[in-house]
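The values are calculated or read from the model by the stated rules, or taken from the named source; none is laboratory data. These figures come from a predicted structure and were not determined experimentally. Positions of Cβ are generated from backbone atoms using ideal geometry, with glycine treated the same way; all protein chains shown enter the neighbour counts. Accessible surface areas use protein heavy atoms only, side chains included; no ligands, DNA or RNA. Shrake-Rupley method; radii C 1.70, N 1.55, O 1.52, S 1.80 Å.
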Amino acid sequence: MLNVALPKGRLGEKVYAMFEKAGFPCPAIKENSRKLIFENEEIGIRYFWVKPSDVAIYVEHGAADIGIAGKDILLEYTPDIYELLDLDIGKCRMCVCAKKGFRDNTQKTLKVATKFTNITKNYYAKMGRDIDIIHLNGSIELAPILNLSDVIVDIVETGTTLKENNLEPVETIVPISARLIANKSSFKFKGDKIEKIVSALKMQMEDKND
Ligand code: PRP
């Protein structure tokens, strides 16, 4: 049995559709239910829905053999896993954002609010810029509006959240997309099956780009 951690939500549904098309279906997953685990014994695959930011934890610990995680999570938590494939979906970018017209006063320590503490620390350390990090868990865009911080480091997808809150991107730190990841020992012991999935997904992506 190959255990696959899918990120719960819209991205996960897209990913499942790719797996189905690649020859690894599990029709029960499409039924409207609150079940979290779905199995297709015939082809030896078991899917489960996981909170997107937890996928890498399941895979790193071997509770899942493979999974789909955002590059943001991989950069932030640097789990000990193999990154096998960029799925070219769930695309967005990690950005520094601020109130429109914001000018950085480099004489002062910059206050940065973010969920992504490590990405932020690494980014500013490379620039040699002193910062104070304010760790938040969501609605990060509020921070500069209420003067909790000077800037934020957050994910920008369509840019709508920024626009509707009079903020703007100042700098792109890194582009983000969904990645297929594998547990290191699963890759050793179930490598054939994992490789089959990787090549079927690759072929599908090539077809799409033709
Ligand atoms: C993410 C991100 C931004 C928003 C960007 O938030 O933190 O707030 O999406 O998308 P947009 O550019 O298309 O507007 P999410 O919905 O994950 O909620 P959060 O506030 O908990 O971070």
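One table, with the values for the structure above:
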quantity	calculated
Inter-probe distance in nm under a simple model that places probes 7 Å from Cα toward Cβ, at E83 and T158	2.7 nm
Euclidean distance between Cα centres, the range 143-182 to the range 1-56, Å	29 Å
Cut-off 15 Å between beta-carbons: net charge of the residues surrounding T158, Lys and Arg +1, Asp and Glu -1	-1
The chain: relative contact order as a whole-number percent, Cα under 8 Å and 6+ apart	28 percent
Net lengthening on full extension, K100/E31 (0.36 nm per residue, minus Cα-Cα)	20.3 nm
Gain in span if fully extended, E41 to N137, counting 0.36 nm per residue against the direct Cα distance	30.7 nm
Within the chain, percent of DSSP bridges classed antiparallel, to nearest 5	65 percent
Calculated diffusion of the chain, Stokes-Einstein form, Kirkwood radius summed over Cα pairs, 10 °C and 1.306 mPa s, µm²/s	85 µm²/s
Full-extension gain in nm, K184 to K21, via 0.36 nm per residue minus C-alpha separation	56.1 nm
Helix axis angle, 191-209 relative to the chain longest principal axis, alpha carbon, degrees	70 degrees
Virtual spin-label span in nm between S199 and I145, 7 Å along Cα→Cβ	5.1 nm
Accessible solvent surface per residue of the chain, calculated while the other protein chains remain in place, 1.4 angstrom probe, Å²	57 Å²
Helix-only [θ]222 nm of the chain, DSSP H runs n ≥ 4, -39500 (n - 2.57) each, per residue, nearest 500	-9500 deg cm²/dmol
Surface/4 of the Cα convex hull for the range 89-149, nm²	4.9 nm²
Antiparallel DSSP beta bridges within the range 1-105, as percent of all bridges there, nearest 5	35 percent
The range 13-50 residues near the modelled D192 label - backbone nitrogen below 13 Å, point 7 Å along Cα→Cβ	none
Residues of the range 152-194 with amide N under 17 Å of the 7 Å Cα→Cβ point at K108	152
Evaluated at q = 0.24 Å⁻¹: base-10 log I(q)/I(0), Debye formula over Cα of the range 55-162	-1.33
Kirkwood hydrodynamic radius of the range 135-197, from inverse mean 1/r over distinct Cα pairs, in Å	15.0 Å
Sequence ranges 122-134, 161-173, 43-55, ranked by mean other-Cβ count within 10 angstrom, highest first	43-55, 161-173, 122-134
Percent carbon-and-sulfur accessible area, the range 23-102, ignoring ligands, DNA and RNA, probe 1.4 Å	49 percent
